[in-house]
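The values are calculated or read from the model by the stated rules, or taken from the named source; none is laboratory data. In this text, all values refer to a predicted model and were calculated from it rather than measured experimentally. Glycine also receives a Cβ, built like all others from the backbone with ideal geometry; neighbour counts cover every protein chain displayed.
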Amino acid sequence: MRFQLIGVNHKSAPLEVRERLAIPESRLPDTCRDLAAYPGIEEAMVISTCNRVEIVTHTTNGAADLRGFLHEHFHLEAEELDPHLYEFREKDAVRHIFRVASSLDSMVVGEAQILGQVKEAYATARAVGAVRGQLDQLFSRAFAVAKRVRTETAVGSSSVSIASVAVELAKKIFGTLEGKTVFIVGAGKMSELAARHLMAHGCASIFVANRTYDRAIGLAQKFNGQAIKFEDLYNTCDRADIVITSTGAPHAIFRREHGEQFLARRKNRPMFFIDIAVPRDVSQDMAKLDGIFAYDIDDLQQAVSTHVADRRKEAERAEAIISSEVEKFEARISTLDVVPTIVSLQDHLETIRQAEIDRVRGRMGQLTPEQEIAIEALTRGIINKVMHTPITTLKTAAKESEATTVVDVVRRLFNLRDKDKEAAHAAAKKDEVGTRQ
Amino acid sequence: MSLLWLRFALACYFIGLVYAFVALSRTSDLFSRIALHAASLGMVFHFVSLVELFLGGPVVWASVHNGESLLAFLSMTFFMVIYAIYKTTSPGVVVFPVVFFLTFVAAVDEQPVLLTQFVSHKGWLIAHIILIFTGYAALVLSFGASLLYLLQERRLKAKKATSLISFLPALEVIDQIGYRSLLLGFPFMTLGLLTGSVVAVTTYGHVDFLDPKILLSLLMWAVYMVMVFTRWNSGWRGRRAAVLATFAFIAALAAWAANYFSAIHRFAS
């Protein structure tokens with residue numbers, strides 16, 4: 001079990017870092033291929049959603065330089081990226097993947113979108129051949145665990161994503177969203193998603209403002225909306241009922257005086273600010289104004305965890321399920337790890353035995369059937385005796401954490417490398433057929 | 001007989017009153033449906049009671065308790081109209097207690113009567129009573145809506161999880177209910193005051209502006225007008241609107257209470 005995982009999520013990294021790491025869908029297959037070809041990596045997969053970017057790999061020695069890959073691939077400096085990264089290995093990586101698939105690591109715990117996103121990522125990586133035996137095992141199990149968590153706990157009930165929470169809140173303010181105007185300030189993936197949700201619920205028109213005017217035009221075209229020059233933001237903003245803001249500005253771009261100005265021009269009709277920027281775009285002062293309703297990313301998250309107490313209890317139950325599943329998976333994978341080694345060890349010795357018998361035959365000429373039987377019994381007996389201890393040791397080691405070390409030693413001693421890989425493949429395939437049945 | 005029907009109505013409104021208190025703390029669809037049906041049934045009894053009164057002749061209308069009964073009925077009618085348009089029972093939180101209180105007072109058997117024996121134009125008097133009471137009912141609704149607006153605004157600002165599962169309708173819906181009641185009530189109130197002056201002029205020959213009843217009624221009308229104006233001109237809502245609505249409501253109560261002090265508009269047992 002040499003799983004290795006690296007990534008960022010909504011907890012570890014601000015949106016701006018996540019945005020820089022986000023990999024567009026069209027480029028996912030190439031990234032998977034690049035990863036699989038990277039030194040030390042056997043299998044690889046990339047999960048890229050608006051809340052996380054993660055690289056999951058199975059490595060040759062459990063110590064591939066995944067950070068190096070990220071720096072190279074995204075042309076980012078170590079000091080920019082590294083503080084936000086988390087890295088998991090072996091058992092911890094398995095646990096993390098199980099938690100992600102079960103939506104326990106989501107911003108909105110229990111939301112259902114993530115499982116679909118992981119499944120897509122898996123399908124993409126599989127299609128380009130970057131996922132084979134080990135990751136295949138891991139993710140098949142992760143999907144089963146996610147299903148178990150969903151059916152056995154209530155973590156997924158009343159699940160809603162950030163975007164749909166924004167819609168719910170907008171409805172609590174405006175009643176119907178028919179004919180309402182949306183303003184996107186700072187074109188990003190999440191604001192686009194929220195805007196799409198709002199439009200689907202009846203919002204009529206959309207404005208987009210972005211520091212880079214071209215990006216504003218691009219996004220506006222997607223929604224049949226109107227691009228606004230960033231300089232005109234304050235003059236046009238009051239025309240919107242709902243403002244989704246996610247600029248990378250270091251300070252609040254909407255301050256109290258702007259709020260007062262908007263409200264005066266709107267005759268105090270309320271405005272809803274969905275502030276998904278980190279740091280926030282709407283100042284605290286402005287959020288206090290009557291008629292301005294500003295929800296930042298944490299507020300949205302909080303608004304979602306409606307049944308906080310219930311959810312916590314359910315999440316605890318889900319964590320317990322995951323822990324037991326991680327144990328099971330580990331045990332299974334480790335046994336799988338030693339079985340091919342035992343098989344190839346037996347094959348290896350059998351080949352030697354046959355070769356030696358042939359050599360004896362060549363030297364002594366035709367043997368009588370009795371002699372044949374005697375030699376067969378003698379050599380087989382010796383090999384079995386010699387093999388007994390190593391095989392028992394391997395089988396015992398399979399249940400301990402030292403499995404990989406022991407397996408490595410045996411492989412190296414008997415020079416089993418290549419054969420073992422093939423055998424692992426065969427075993428994995430056999431197991432997959434087994435689980436499907 | 002009329003009083004008996006009114007007491008039946010009162011029993012039905014009691015369920016509405018209980019709903020009003022429960023709804024503040026938790027949401028129950030079933031209970032709001034029960035309250036709605038009970039209130040509708042109450043309105044039927046109430047209507048029968050009013051019809052019997054009407055058959056009794058116009059002077060009886062000027063009795064203070066019958067006036068309260070009529071006001072309660074008009075408020076319920078408003079509530080039902082709002083329910084028909086917005087499908088929300090939440091204004092009931094304010095309307096039900098007011099209606100229950102008015103009906104309760106009216107259903108008690110003491111009936112001071114307005115000194116209307118000198119009134120020569122009975123038609124104007126009836127018009128005055130109905131118009132003014134419609135205006136009052138609209139004011140009650142608008143006052144209720146402004147309180148609910150404040151409550152909902154606070155909830156949304158508090159950003160608590162409960163903001164999503166509150167029994168209250170959307171902020172803009174509450175705002176519309178309040179604004180529309182205000183707009184509807186204003187002409188009724190104005191016409192009610194005008195017909196009242198007509199009655200006064202035809203009875204006494206002049207309008208005594210220093211009489212507490214008239215003074216307070218004018219004050220209420222002025223506050224009402226300020227409310228309509230600020231709302232229309234600069235869209236005042238939330239806290240400021242609630243303060244104004246409270247003023248208007250207090251002025252209305254005072255104008256009502258003035259019946260006990262006024263020289264020209266007074267009750268007698």
Which residue, of A:95, A:126, is in contact with a helix residue (DSSP H, G or I) (Cβ under 6 Å, 6 or more places away or on another chain), part of a helix (DSSP H, G or I) and not hydrophobic (A, V, I, L, M, F, W, C)? A:95
Reported set for segment B:172-196 where residues are touching a residue at least 60 places away in the same chain (Cβ under 8 Å), more than 14 Å from chain A (Cβ to nearest Cβ) and small (Gly, Ala, Ser) is B:181, B:192, B:196
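With respect to residue A:55, is the statement that it is within 17 Å of residue A:139 (Cα to Cα) and either in a loop (DSSP other than H, G, I, E, B) or at pLDDT 85 or above (or both) true?
Considered against the rule, which asks whether it is within 17 Å of residue A:139 (Cα to Cα) and either in a loop (DSSP other than H, G, I, E, B) or at pLDDT 85 or above (or both), residue A:55 comes out as yes.
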Taking segment B:174-213 and the residues there that are acidic (Asp, Glu) and surrounded by fewer than 23 Cβ atoms within 10 Å (Cβ to Cβ), the one that is farthest from residue B:248 (Cα to Cα) would be B:208
Return yes or no: is residue A:42 assigned to a helix (DSSP H, G or I), acidic (Asp, Glu) and surrounded by 12 or more Cβ atoms within 10 Å (Cβ to Cβ)? no
Please indicate, with yes or no, whether at least one residue in segment A:16-34 is within 18 Å of residue A:96 (Cα to Cα) and in a loop (DSSP other than H, G, I, E, B). no
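If you go through segment A:63-87, how many residues are part of a loop (DSSP other than H, G, I, E, B) and within 20 Å of residue A:125 (Cα to Cα)?
The qualifying residues number 2.
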For the condition at pLDDT below 85 and within 21 Å of residue A:135 (Cβ to Cβ), what is the one hit in A:21, A:115, A:76? A:21
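Let's see how each residue does on (1) in contact with a Pro (Cβ under 6 Å, 6 or more places away or on another chain); (2) modelled with pLDDT under 90; (3) surrounded by 15 or more Cβ atoms within 10 Å (Cβ to Cβ); (4) facing chain B (nearest Cβ under 10 Å):
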| residue | (1), (2), (3), (4) |
| --- | --- |
| A:250 | no, yes, no, no |
| A:253 | no, no, yes, no |
| A:276 | no, yes, yes, no |
| A:294 | no, no, yes, yes |
| A:298 | no, yes, no, yes |
| A:333 | no, yes, yes, no |
Taking the criterion of being within 14 Å of chain A (Cβ to nearest Cβ), under 20 Å from residue A:175 (Cβ atoms), in a loop (DSSP other than H, G, I, E, B) and at pLDDT 85 or above, would at least one residue in segment B:158-171 satisfy it? yes
Can you tell me which residues in segment A:163-202 are within 14 Å of chain B (Cβ to nearest Cβ), touching a strand residue (DSSP E or B) at 6+ places or on another chain (Cβ under 6 Å) and free of Cβ contacts under 8 Å to residues at least 60 places away in the same chain? none
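Let me confirm something: among B:232, B:236, which residue is outside any loop (DSSP other than H, G, I, E, B), within 13 Å of chain A (Cβ to nearest Cβ) and either out of contact with any strand residue (DSSP E or B) (no Cβ under 6 Å at 6 or more places or on another chain) or crowded, with 16+ Cβ neighbours inside 10 Å (or both)?
Details: B:236 fails: outside any loop (DSSP other than H, G, I, E, B).
None of the others qualify; the one that does is B:232.
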Anything in segment A:168-189 that is crowded, with 22+ Cβ neighbours inside 10 Å and at pLDDT below 85? List them, or say none. A:187, A:188
Give the number of residues within segment B:82-103 that are surrounded by fewer than 20 Cβ atoms within 10 Å (Cβ to Cβ), in a helix (DSSP H, G or I) and either modelled with pLDDT under 85 or over 14 Å from the mean Cα position of the chain (by Cα) (or both). 4
Can you give me the number of residues within segment A:282-292 that are assigned to a loop (DSSP other than H, G, I, E, B) and either within 12 Å of chain B (Cβ to nearest Cβ) or at pLDDT below 90 (or both)? 4
Tell me whether segment A:306-318 contains one or more residues that are under 21 Å from residue A:101 (Cβ atoms), assigned to a helix (DSSP H, G or I) and at pLDDT 85 or above. yes
Return the only residue of A:375, A:342, A:383, A:357 being over 46 Å from the mean Cα position of the chain (by Cα) and under 16 Å from residue A:416 (Cβ atoms). A:383
Can you spot a residue in segment A:139-153 that is out of contact with any helix residue (DSSP H, G or I) (no Cβ under 6 Å at 6 or more places or on another chain), in contact (Cβ under 8 Å) with a residue 12 or more places away in the chain and part of a loop (DSSP other than H, G, I, E, B)? no
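So that you can scan it fast, the table gives a plain yes or no per residue for (1) among the β-branched types (Val, Ile, Thr); (2) out of contact with any Leu (no Cβ under 6 Å at 6 or more places or on another chain); (3) assigned by TED's automatic domain parsing to the domain that holds residue A:34; (4) more than 28 Å from residue B:155 (Cα to Cα):
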| residue | (1), (2), (3), (4) |
| --- | --- |
| A:110 | no, yes, yes, no |
| A:123 | no, yes, yes, yes |
| A:128 | yes, yes, yes, yes |
| A:134 | no, yes, yes, yes |
| A:146 | no, no, yes, yes |
| A:168 | no, no, no, no |
| A:174 | no, yes, no, no |
| A:181 | yes, yes, no, no |
| A:188 | no, yes, no, yes |
Given (1) without any contact (Cβ under 8 Å) to a residue 12 or more places away in the chain; (2) surrounded by 15 or more Cβ atoms within 10 Å (Cβ to Cβ), number of the condition residue A:272 does not satisfy: (1)
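Restricting to segment B:197-251, what's the tally of residues that are aromatic (Phe, Trp, Tyr) and in contact (Cβ under 8 Å) with a residue 24 or more places away in the chain?
Summing the residues that are aromatic (Phe, Trp, Tyr) and in contact (Cβ under 8 Å) with a residue 24 or more places away in the chain in segment B:197-251 gives 5.
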Regarding residue A:243, is this residue closer than 17 Å to residue A:16 by Cα and either surrounded by fewer than 16 Cβ atoms within 10 Å (Cβ to Cβ) or of a type in the set (A, V, I, L, M, F, W, C) (or both)? no
I'd like to verify a number: residues in segment B:1-23 that are within 17 Å of residue B:68 (Cβ to Cβ) and among the aromatic types (Phe, Trp, Tyr), how many? 4
Any chance segment A:12-30 includes a residue that's of a type outside the set (Val, Ile, Thr), on the phi < 0 side of the Ramachandran plot, in contact with an Asp or Glu (Cβ under 8 Å, 6 or more places away or on another chain) and not assigned by TED's automatic domain parsing to the domain that holds residue A:190? no
